[in-house]
Amino acid sequence: MKKNLLKHKYYLYLTEFFAGVSVMAVELGASRLLAPYFSSSQIVWTIIIGTIMIAMALGNIWGGRQADKNPDPDRLYLRLLVASVWIAAIPLVGKYIILGVSALLVLAVSTNFLILAAFSACMLIFVFPLFLLGTVTPSLTKYTVDSLDDSGKTVGTLGAFNTVGSIIGTFLPTFVTIPAVGTCVTFLIFSGILLLLGLVYFWVKGTGKKACAISLAVFVFCSVSGHSAGFAFWETNLVYEGESVYNYLQVKETDESVILSTNVLFGVQSIMTKDDSLTGMYYDYALAAPLMAGVGEGDTADILVLGMGTGTYARQCMKYFEHVRVEGVEIDQKITDLSKTYFALPDGVQVTTYDGRAYLQAVDRKYDVIMVDAYQDITIPFQMSSTEFFQLVRDHLTENGVMVVNMNMKSDGERSINTYLADTIADVFDHVYTVDVPYATNRELFASQNAELLLRFEENMAEPGDDELMEMLRTVYSGLAAYEGGAYILTDDKAPVELLGMRVIDELIRDEIGYYKEVFRKEGIGGLLGAS
């Protein structure tokens, strides 16, 4: 039976193909498993790719030695069974490992938390199964090469099958399985493929019944239990949790508001207050920009929001200002869909599914206000933080137009992320002002070529209006500070925004849990439990 299955080598090539598929599928699944906790920045991607390459290299070495020592295909397919059940268990236990590692490291380290936490989680969750998959190619080479005369052809064919499998394993999860059924089921799908390879091999051979039965039982258990709880499994007031091509998405409802977040631990991407009042967040402060631009003085005004989210700023502008046209650019179509389902996005707001910078390059319209709100935690898109980008924004503003930027990681110091962003903007715009949002990590920046933007702001604030809005705007006016540009300029060629953002994350962690770290240092776990 064994000879019938492997004698033409087709099954070995098929194994190589699906091993390539599974490696890339697990790699992409890893990025989506980590993103809700650590972001999807270049730093996290580097850690994932580096960890997987380490695992694959070690697997190649060990697998080749084992194949020379004992060239028995049974061993390879047994490893595939083990790898399959490990991958199947990732949706069940992976998020607990991530949270456990994070909880330990947040108490133990003061710098590079993101790097250490993501790397430790990757090592614990993904190294072992990918180490096992790394043994596939050297083992199959041993089984398929009959003589030196055709060794090049055979190895080349194996490499081709692995490469084609890797290509399919790259596109299939990103564009099909993750958007359609989610990360957890994606792990289960590709785990099932590996499991099937092992089961068919041992079934044809008539051996390995116990290993097959155990593997199948574990896989079924993980399939039933693995996706029963979401990423934020401790939350009780979620009305939606899902994924898109770009983001983890979570909609939470409270008595006062509906909130969209793209991170399970922190951050508000969009918010809608149920009583239609101000949010108490940076969106409110950004309402100063239309007054600075003189919105309301003419017949109509145009406002563009880059990073539309579910339309918090658009709703506010349409509520408080007459004769405005608001349009938005949002790269994630699923967020736009959620805005209509849960966030009452006004029908008159046009939303284009596109990258913000690419949109500006494609249109020749000018706007009275452009809001840049595309920065999420550490995942600041470098192409929307450079001199070249802000020049594009400036060129799309009217003569008195104002750009407002939400810098969501409040940080100070000579080389902080906000210093880089503000210096870059000040290199492009003649007049720049900033104001900190109280009780938040946000800082709003207003930039214009119009020297009279503060005068227009003051004059338009004097007009009768909503009392709550006017009081808030007076607070903004009193807190505005002129910004003098410096030498820290971000360009398309050099914009290390991830590393700069990581420093802020470390600072925030130190500030937020400094007390608990000190208790843990002095009294250990017992003291920490008592303090909490």
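Charge dipole of segment 2-225 (Cα centre as origin; +1 on each Lys and Arg Cβ, -1 on each Asp and Glu Cβ, all else neutral): 520 debye, rounded to the nearest 20.
A simple spin-label model places pseudo-atoms 7 Å from Cα toward Cβ; at LYS319 and GLN333 they are separated by 3.0 nm.
If I take R0 = 35 Å and measure r between the Cβ atoms of VAL224 and LEU104 in this structure, what FRET efficiency does the formula 1/(1 + (r/R0)^6) give, to the nearest 0.05?
Working from the Cβ atoms, E equals 0.75.
Could you sort 172-182, 191-201, 111-121, 303-313 so that the peptide with the highest average Cβ count within 10 Å comes first and the rest follow in order? Don't skip to the end; give the middle numbers.
Working: 172-182: 17.2, 191-201: 22.0, 111-121: 20.5, 303-313: 27.1.
Descending packing order for the listed peptides: 303-313, 191-201, 111-121, 172-182.
How about segment 387-461: which chymotrypsin sites (Phe, Trp or Tyr not before Pro) there are in a DSSP loop, with at most 14 other Cβ atoms within 10 Å of their Cβ? Of the chymotrypsin sites (Phe, Trp or Tyr not before Pro), the ones in loops of segment 387-461 whose Cβ has at most 14 other Cβ atoms within 10 Å are TYR439.
Any idea what the alpha-carbon Rg over 2.2 N^0.38 Å comes to for segment 278-495? Each step should come with its number before you reach the end.
On the way: Rg = 16.0 Å, N = 218, 2.2 N^0.38 = 17.0 Å.
Ratio of Cα Rg to 2.2 N^0.38 Å: 0.94.
Please identify which residues in segment 103-137 have an amide N closer than 19 Å to a label point set 7 Å out from the Cα of ILE214, following the Cα→Cβ vector. Within reach of a label on ILE214: 128-130, 132-133.
Over the chain, consider all pairs of different Cα atoms and compute the Kirkwood hydrodynamic radius from their mean reciprocal separation; express it in Å, one decimal. Present the calculation step by step, with values, prior to reporting the outcome.
Values: mean 1/r = 0.0388 Å⁻¹.
In the chain this quantity evaluates to 25.8 Å.
In angstrom, the C-alpha Rg and Dmax of segment 261-337 are 13.2, 44.
Please report the net charge: other residues with Cβ closer than 11 Å to the Cβ of GLY479, K and R +1, D and E -1. Can you show the working numbers first?
Details: positive: ARG443, ARG474; negative: ASP436, GLU444.
Its environment carries a net charge of 0.
Amide H contacts for ARG325 (H built 1.01 Å from N in the peptide plane; partners 5 or more residues away or on another chain; cut-off under 5 Å): ALA301, ASP302, ILE303. Taking each DSSP H run with n ≥ 4 as -39500 (n - 2.57) and averaging over every residue of the chain yields -19000 deg cm²/dmol at 222 nm. Distance between the C-alpha centres of segment 262-313 and segment 113-192: 44 Å, rounded to the whole angstrom. So, counting K/R as plus one and D/E as minus one, what does the shell of residues with Cβ under 15 Å around THR186 add up to? Once all neighbours under 15 Å are counted, the net charge is 0. Under the simplified labelling scheme, the ASN70-LYS494 pair shows an inter-label distance of 5.6 nm, with each label point 7 Å from Cα along Cα→Cβ. Of the residues GLY59, TRP203, PHE171, the one whose Cα sits farthest towards the positive end of the charge dipole of segment 2-225 is TRP203 (charges of +1 on Lys and Arg Cβ, -1 on Asp and Glu Cβ, taken about the Cα centre).
In the chain, which helices (entire DSSP H runs) extend 30 Å or more along their own long axis, judged by Cα positions, while averaging at least 0.5 on the Kyte-Doolittle scale? Helices meeting the criterion: 10-38, 42-69, 73-108, 151-172, 183-205.
Taking amide hydrogens as placed 1.01 Å from N in the peptide plane, the amide H of LEU397 sits under 5 Å from those of TYR367, each at least 5 positions away in sequence or on another chain. Scalar couplings 3J(HN,Hα) for segment 255-261, obtained by applying the Karplus form with A = 6.51, B = -1.76, C = 1.60 to θ = phi - 60°, are 5, 9, 7, 10, 10, 9, 10 Hz; x denotes Gly and Pro. Where both partners of a DSSP beta bridge lie in the chain, what percent of those bridges are antiparallel, to the nearest 5? Antiparallel bridges: around 60 percent, rounded to the nearest 5.
Pairs exceeding 29 Å between alpha-carbon atoms, taken from LYS95/LYS319; LYS252/LYS319; LYS95/LYS142: LYS95/LYS319; LYS95/LYS142. Close amide H partners of ALA232, meaning residues 5 or more places away or on another chain with modelled amide H under 5 Å apart, do not exist here. For the residue pairs LYS274/LYS334; LYS9/LYS153; LYS153/LYS210; LYS69/LYS205, alpha carbon separations beyond 25 Å are given by LYS153/LYS210.
Suppose R0 equals 56 Å; then what is the FRET efficiency for ILE97 and SER478 from their Cβ-Cβ distance, rounded to the nearest 0.05?
Values: r = 48 Å, r/R0 = 0.85.
It comes out at approximately 0.70.
None of the figures in this text is laboratory data; all of them are computed from the coordinates on show. What you are looking at is a predicted structure, and each value in this text was computed from that prediction instead of being measured. Quick reminder, even Gly has a Cβ in these numbers, built from the backbone with ideal geometry, and neighbours come from all protein chains shown.
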